[in-house]
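The values are calculated or read from the model by the stated rules, or taken from the named source; none is laboratory data. Just so we're clear, the structure is a prediction, and the values are computed from it rather than from any experiment. Counting neighbours? That spans all protein chains shown, and the Cβs are built from the backbone with ideal geometry, glycine included.
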Amino acid sequence: MERDNISIEELSFPIVSFGNENNSIYFSRKIDDLTICSSVSFNKGYYNGLTLIDSKGINAVVQNAVKVDTIGPLWGFSLLKGQKLKIHLELNKLKDITPLNELKDKIIKIFNNDEYFWNSDGELKDKIEFINKARSHHEIIDFLTKIFYKKN
């Protein structure tokens with residue numbers, strides 16, 4: 001599979017990202033949701049191998065994540081949340097678009113593996129049914145992003 005560099009600004013938000021072991025899933029409504037991170041997560045390698053799929057099915061992988069600055073007063077420190085960092089991401093775009101069925105399968109697998117979280121509202125079956133009926137990457141990612149941010 002060939003790769004090209006791509007900037008985060010070229011991605012269509014919202015996006016879904018998959019952890020480096022494909023067992024975690026996150027949604028980002030805008031660039032800051034993806035590029036602001038706690039120092040603990042950054043130092044633990046949160047961005048290492050992170051895979052992104054945007055609303056058009058474009059697939060990109062984080063090649064490098066670099067701390068650019070801190071966010072907020074006192075160099076981004078908060079007693080409750082630790083330090084917040086602004087991160088610059090260097091991405092490689094895969095030439096192939098992620099097939100819609102592959103995205104559906106990947107998300108449903110993660111939902112089933114973390115059923116406690118995704119079924120906390122008792123509606124996991126409805127979510128999976130929606131995903132199976134969806135006709136576009138955007139439809140799935142937008143729907144799940146709204147649910148994800150309601151929970152956080």
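Residues in the range 119-142: is at least one at pLDDT below 95 and closer than 23 Å to Ser38 by Cα? There is no residue in the range 119-142 that is at pLDDT below 95 and closer than 23 Å to Ser38 by Cα. Applying the selection to the range 129-152, what residues are buried (at least 17 other Cβ atoms within 10 Å of the Cβ) and of a type in the set (A, V, I, L, M, F, W, C)? Answer for the range 129-152, where residues must be buried (at least 17 other Cβ atoms within 10 Å of the Cβ) and of a type in the set (A, V, I, L, M, F, W, C): Ile131, Ala134, Ile140, Ile141, Leu144, Phe148.
Within the range 120-134, the residues that satisfy the criterion of being within 18 Å of Ser55 (Cα to Cα) and in contact (Cβ under 8 Å) with a residue 24 or more places away in the chain are Ile131, Asn132, Ala134.
Could you go through the range 113-135 and let me know if any residue there is closer than 20 Å to Leu11 by Cα and out of contact with any Gly (no Cβ under 7 Å at 6 or more places or on another chain). Can you show your working first?
Of the range 113-135, the ones closer than 20 Å to Leu11 by Cα are 135.
Next cut, out of contact with any Gly (no Cβ under 7 Å at 6 or more places or on another chain) only: 135.
Checked the range 113-135: at least one residue is closer than 20 Å to Leu11 by Cα and out of contact with any Gly (no Cβ under 7 Å at 6 or more places or on another chain).
Scanning the range 5-28 for residues that are in contact with a Lys or Arg (Cβ under 9 Å, 6 or more places away or on another chain), modelled with pLDDT of 90 or more and either surrounded by fewer than 14 Cβ atoms within 10 Å (Cβ to Cβ) or not in a strand (DSSP E or B) (or both) turns up Glu10, Leu11, Ser12, Phe13, Pro14.
For beta carbons closer than 9 Å, sequence separation of 6+ or different chains, a first residue in the range 39-60 that is closer than 16 Å to Lys106 by Cβ and in contact (Cβ under 8 Å) with a residue 60 or more places away in the chain and a second that is of a type in the set (Ser, Thr, Tyr) and part of a loop (DSSP other than H, G, I, E, B), the qualifying pairs are Ile53/Thr98; Asp54/Ser12; Ser55/Ser12; Ser55/Ser136; Gly57/Thr98; Gly57/Ser136. For Ile107, the conditions (1) at pLDDT 85 or above; (2) farther than 25 Å from Ala65 by Cα all hold with the exception of (2).
Considering only residues that are buried (at least 17 other Cβ atoms within 10 Å of the Cβ) and over 15 Å from Val16 (Cβ atoms), which ones fall in the range 95-127? Of everything in the range 95-127, just one residue is buried (at least 17 other Cβ atoms within 10 Å of the Cβ) and over 15 Å from Val16 (Cβ atoms), namely Leu124. Scanning the range 83-101 for residues that are touching a residue at least 60 places away in the same chain (Cβ under 8 Å) and under 17 Å from the mean Cα position of the chain (by Cα) turns up Leu89, Glu90, Leu91, Asn92, Lys93, Leu94.
The residue that is surrounded by the most Cβ atoms within 10 Å (Cβ to Cβ), counting only those in the range 60-86 that are at pLDDT 90 or above and touching a Lys or Arg at 6+ places or on another chain (Cβ under 6 Å), is Ala60.
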